[in-house]
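The values are calculated or read from the model by the stated rules, or taken from the named source; none is laboratory data. Since the model is a prediction, treat every value here as computed from it, not as a measurement. Here the Cβ is made from the backbone with ideal geometry for all residues, glycine too, and neighbour counts use every protein chain on show. Protein only, heavy atoms only, side chains kept; ligands, DNA and RNA dropped before computing areas. Shrake-Rupley method; radii C 1.70, N 1.55, O 1.52, S 1.80 Å.
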Amino acid sequence: MKYVDEFRDPELARRLLAGIEARSTQPVQFMEFCGGHTHAIFRHGLRQMLPPTVQLRSGPGCPVCVTANSELDRALALAQVPDLILTTFGDMLKVPGSYSSLQTAKAEGADVRMVYSTLDALEIARRNPERPVVFLGVGFETTAPTVAAAILQAEGEGLDNFSVLSLHKLTPPATRAILDAGEVNLAGIIGPGHVTTVIGSDAWEFLPREYGIPCAVAGFEPLDILRSVAALVEMAEEGRAEVTNCYSRSVRPEGNPGALEILERVFEVGEADWRGLGSVPASGLSLRPAYSRFDAALAFPVDPGPTREHKGCRCGEVLRGTLEPAECPLFRKKCTPANPIGPCMVSGEGACAAWFRYHR
Ligand code: SF4
């Protein structure tokens, strides 16, 4: 298969669905970790097409959504540093922190600039040598290598006014945290395609080994996702737990050695605060001491003040898979994409946004 249409072939989809229905005898619930999968599942109506024995639950795989209020508040406090230019991807602008958002801070005079890549942030630093330029590093293992590359580029160019507030997070420890909490009964995990392209399918071997749960790594087209569901159903029916790579056109067992090498060179692993999951050991990335001069957390030790959660927002439960967005009392009422109360309604990968857009 070479072209995207081939991964959307309705006849093949029908055959896969018929196979899943024929094979599935016991009720099972699978979690798609990735917000990209959640949106693809809703956009193509896959939940409704699956037999009633197969349920899907959305997980915490939306980097904007899992950024904790305490982290957002730190970014907001940074934006208030005189002369500082804060650069960020667009999704982060509207996300409400405890008391405000970067969009509001910008409207009130802070120099917050939306960028499309770290290259844009580097260019802003080059053009403003007299001002500190901070890039808000939000994302999983897919984004972090590009940020590491930007830091190496800044080092090579001697761009000393460029720094990164690293809020990057790692996906396997979050999956582990969800399973350890035991709040959702899961018979399998649909592994995130882009993340696994970087970290490799071997990184999910702990799921069958330690939890007895199968994992099927999936791409983002309907047939990719249906194949992963079919593989999980097959394993559940046979009582077998393995890691299956259903996205072999992109994912290798060992991942992307170049991206992993650059990650390892620039970042070290530490504890991180996740919305919904709290503090998760070994789930965040901070800059190694060799690159500490590019660490905005050290360069600007701001006090973000006390954190608070939004009254009534249930994003934490949505991210843990214990609540469907429509079960949140604010969904479609007070909380809409035009007036988001929580990040899951803001982000293009948020589960609440997917439900709002596609689910009737
Ligand atoms: Fe939060 Fe809105 Fe989702 Fe409710 S509907 S969980 S308030 S984002």
| Residues in the stretch 155-173: is at least one out of contact with any Cys (no Cβ under 9 Å at 6 or more places or on another chain), under 20 Å from A297 (Cβ atoms) and among the acidic types (D, E)? | yes
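Residue by residue, here is whether (1) in contact with a Pro (Cβ under 8 Å, 6 or more places away or on another chain); (2) at positive phi; (3) in a loop (DSSP other than H, G, I, E, B); (4) modelled with pLDDT under 95 holds:
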site	(1), (2), (3), (4)
G270	no, no, no, no
V280	yes, no, no, no
K311	no, no, yes, yes
L323	no, no, yes, no
I341	yes, no, yes, yes
E349	yes, no, yes, yes
| query | Do we find a residue being closer than 21 Å to G139 by Cα, open to solvent by less than 60 Å² (accessible area, probe 1.4 Å) and within 11 Å of the ligand (Cβ to nearest atom) anywhere in the stretch 325-334? | reply | no
| request: Scan the stretch 5-41 for residues that are within 23 Å of T143 (Cβ to Cβ) and not in a strand (DSSP E or B) and jot them down. | output: G35, G36, H37, T38, H39, A40, I41
| message | Looking at A338, A326, A351, A299, can you tell me which residue is within 22 Å of E71 (Cα to Cα) and more than 17 Å from the chain's Cα centre (by Cα)? | response | A299
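Inside the stretch 302-323, can you point out the residues that are under 17 Å from the mean Cα position of the chain (by Cα) and open to solvent by 30 Å² or more (accessible area, probe 1.4 Å)?
Matches in the stretch 302-323: E317, R320.
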| request: May I ask you to verify whether E237 is in contact (Cβ under 8 Å) with a residue 24 or more places away in the chain, assigned to a helix (DSSP H, G or I) and open to solvent by 20 Å² or more (accessible area, probe 1.4 Å)? | output: yes
| said: Of the conditions (1) out of contact with any Lys or Arg (no Cβ under 7 Å at 6 or more places or on another chain); (2) within 16 Å of the ligand (Cβ to nearest atom); (3) part of a loop (DSSP other than H, G, I, E, B), Y247 satisfies every one except a single condition; which number is it? | reply: (2)
| said: Residues that are within 27 Å of P96 (Cα to Cα), of a type in the set (D, E) and either within 15 Å of the ligand (Cβ to nearest atom) or surrounded by 13 or more Cβ atoms within 10 Å (Cβ to Cβ) (or both): does the stretch 273-286 have at least one? | reply: yes
